[in-house]
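Undergrad: One structure coming up, written as structure tokens, with questions to follow.
The values are calculated or read from the model by the stated rules, or taken from the named source; none is laboratory data. Since the structure is predicted, the reported quantities are computational estimates derived from the model, not experimental observations. Cβ: placed from backbone, ideal geometry, glycine included. Neighbour counts: every protein chain shown. The protein model used for the area step is the full one, side chains on, heavy atoms only, and it has no ligands, DNA or RNA in it. Shrake-Rupley method; radii C 1.70, N 1.55, O 1.52, S 1.80 Å.
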Amino acid sequence: QVQLVESGGGLAQAGDSLRLSCVASGRIYSSHFMAWFRQAPGKGREFVAGIRWGTTKEYYADSVKGRFTISRDSGKNTIDLQMNNLQPEDTAIYYCARNRGGYDTTVTTYNEWGLGTQVTVSS
């Protein structure tokens, strides 16, 4: 089991950029899938972006494609999310999560979650 700790959230204006980081304690295997989810007030948790740990193949939700970039550093056990051209609809708590079973966008298939970091974007 790993523990996940997110950082890098904060306040931004529309058009700004933020970079989120997630540090994982414990071993992440090449077959695992690491992802960022977000949950806006009054809404369900949704998949934002994910990356296969071994191949680094990336996956994105349509709403963030072209604006967000996920990356990982296997030496540091970190998963970053670069968010550019932020919009008010990106306001949410952002969570890092691990899926031992591979790529999946379904919340219930994820094994471990961080506590989240708040991102607030004003217009």
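Undergrad: Which trypsin sites (Lys or Arg not before Pro) does segment 44-123 hold that lie in a coil by DSSP with at most 13 other beta carbons within 10 Å?
TA: Sparse-neighbourhood loop trypsin sites (Lys or Arg not before Pro): 57, 65, 76.
Undergrad: If you wrap the chain's Cα atoms in a convex hull and average its projection over all directions, what's the area in nm²?
TA: Reported value for the Cα convex hull: 6.7 nm².
Undergrad: From largest accessible area down, sort 108, 91, 55; use a 1.4 Å probe on the protein chains.
TA: So the residues, ranked largest to smallest area, are 108, 55, 91.
Undergrad: Rounded to two decimals, what is Rg over Rh for segment 29-79 when you use alpha-carbon atoms and the Kirkwood radius?
TA: Computed over Cα atoms, the ratio is 1.02.
Undergrad: Provide the per-residue ³J(HN,Hα) series for segment 33-45, in order, calculated from phi with Karplus coefficients 6.51, -1.76, 1.60 and θ = phi - 60°, each as a whole number of Hz, with x at glycine and proline positions.
TA: Once θ is set to phi - 60°, the couplings for segment 33-45 become 10, 10, 9, 10, 10, 9, 9, 8, x, x, 10, x, 6 Hz.
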